[in-house]
1. Tell me the relative contact order for segment 34-179 as a rounded percent, counting alpha carbon contacts under 8 Å between residues six or more apart.
2. Suppose all protein chains stay in the model; what accessible area per residue would a 1.4 Å probe give for segment 64-156, in Å²?
3. Which order do the peptides 200-206, 153-159 take when ranked by the mean count of other beta-carbon atoms within 10 Å per residue, highest first?
4. In the neighborhood of Ser347, defined by Cβ-to-Cβ distances under 15 Å, what is the net charge if each Lys or Arg adds +1 and each Asp or Glu adds -1?
5. Cut-off under 15 Å on the C-alpha distance; same-chain residues fewer than 8 positions from Lys337 excluded. Which aspartates and glutamates are left, in chain and number order?
6. For Thr93, enumerate residues with amide H under 5 Å from its amide H, sequence gap 5+ or separate chain, H modeled in the peptide plane.
7. Quick one: Cα centre-to-centre distance for segment 174-228 and segment 121-143, in angstrom?
8. Which percent of the accessible heavy-atom area of segment 56-162 goes to carbon and sulfur, probe 1.4 angstrom?
Amino acid sequence: MKARGSLLATLAMCAAVAVPAAADPPVSPGGPWPGENDPSIAAIRSYEQLWDTLEGIEHHAKGAFTLEPAPLQSNTGRDIPVVTIGDGPMAVTYIAQQHGNEYVVSEGMVELIRDLSGNGVEDRAIRDALTVTIVPRVNVDGFDGEVTTRIGSPPWRQNYDPSCISGCDPFYRSGVGYDINRYHSSTANPYDHPYIAGDDNLNPVPESIAMRLLWEERRPAVVVDWHHQGSYVDDDGRLITGSTLWPNATDEADARGIRPEFDDAVERSKQAVSVLVDAVQDKGYANITKYPGTTTPGIARNAYGLLGSVSVLFEMRGGIGPQSNGYITRTTSTAGKALLEAAADGSLATYPTDTAEALPDRGPFQPDPHDERPDDE
């Protein structure tokens, strides 16, 4: 039985961003910026609405389609929805919204699920060749959990776990919860704590463990982790609509003596990045750069690369109002489907890495004077 919660009222978005100084290249387009359209979180499906939508898609789906809860619930007892589409021999996993306040990619995953459940030729080919697992919202509590902490009510980045008082983990926000995307085990034990030496069962984040258990069950050849980032600009002043990266935990791979296997996973991940970017880069609303990711092994991008999967982070620009949220949703679903098509027809295995290698570094942050620089990944 799904422990559902009602949607919290509204999210007050950030104030408008100042125009760059005259000496800087003008930002193009000149927005939209957070707050311009006073968007409400009500525009995004609540926890209950998400389940209802997925159940409706399941009811009308063509071909193999399963909706079920993840292996573990959230800290408030909520089920995390997992959609499985197709029954082909190759497994691919997409996870989204590990951070509760990065919610537009969740909508993109719902649209992709709807698309893949149809009767089109491409959809049937994907379902025959692949078993696609999509988790459209990992952090169900951090988005609209019926909870209140010292920082107020969700949405926020972390899960909900106010239990730690002192001596907390480095990726814990006092009185709020854990950053889910720092606690994916990359060892043989899905319950292993990434930052405590040795094999243990001390991982404190059920949502991270649930994703790792899904990996253990399905052994996906490809994992893509979908996020939001803040507003950044390139050297020409163009707004960056997305950034992407492959695994980079080389020191950890060296320490484990698996560097050749890890390098192979990195190369295959660059192929996937090239497919994703090529699918959207020529669109008028897409401007994709290389994400400046850290080497933390518990990040999903690194954890699943260390485990041998193709593993990609894809960060979309978020928090920019309803109209441009539609662009972000479209970019997410378009890129996601292109990668599935390449995996299904075998072209991913021979796809050149040129596009990934040529990605420019992400440009400078475009600050909002009323907001701190956002955390990413």
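The values are calculated or read from the model by the stated rules, or taken from the named source; none is laboratory data. All of these numbers come straight from a predicted model, not from anything done at the bench. Counting neighbours? That spans all protein chains shown, and the Cβs are built from the backbone with ideal geometry, glycine included. Ligands, DNA and RNA are stripped out before the accessible areas are found, and what is left, the full protein with its side chains, is counted by its heavy atoms. Shrake-Rupley method; radii C 1.70, N 1.55, O 1.52, S 1.80 Å.
1. Values: 275 pairs, mean separation 33.7, N = 146.
Relative contact order, segment 34-179: 23 percent.
2. Values: 2730 Å² over 93 residues.
On a per-residue basis, 29 Å².
3. Numbers: 200-206: 18.1, 153-159: 23.3.
In descending order of packing, they fall as 153-159, 200-206.
4. With Lys, Arg at +1 and Asp, Glu at -1, the neighbours total -2.
5. Glu107, Glu111, Asp115, Glu122, Asp123, Asp128, Asp225, Asp278, Asp345
6. Close amide H contacts, sequence-distant or interchain: Thr133, Val222, Val223, Val224.
7. Comparing the Cα centres of segment 174-228 and segment 121-143, I get a distance of 19 Å.
8. On the way: 1580 of 3470 Å².
Roughly 46 percent of what the probe reaches on segment 56-162 is carbon or sulfur.
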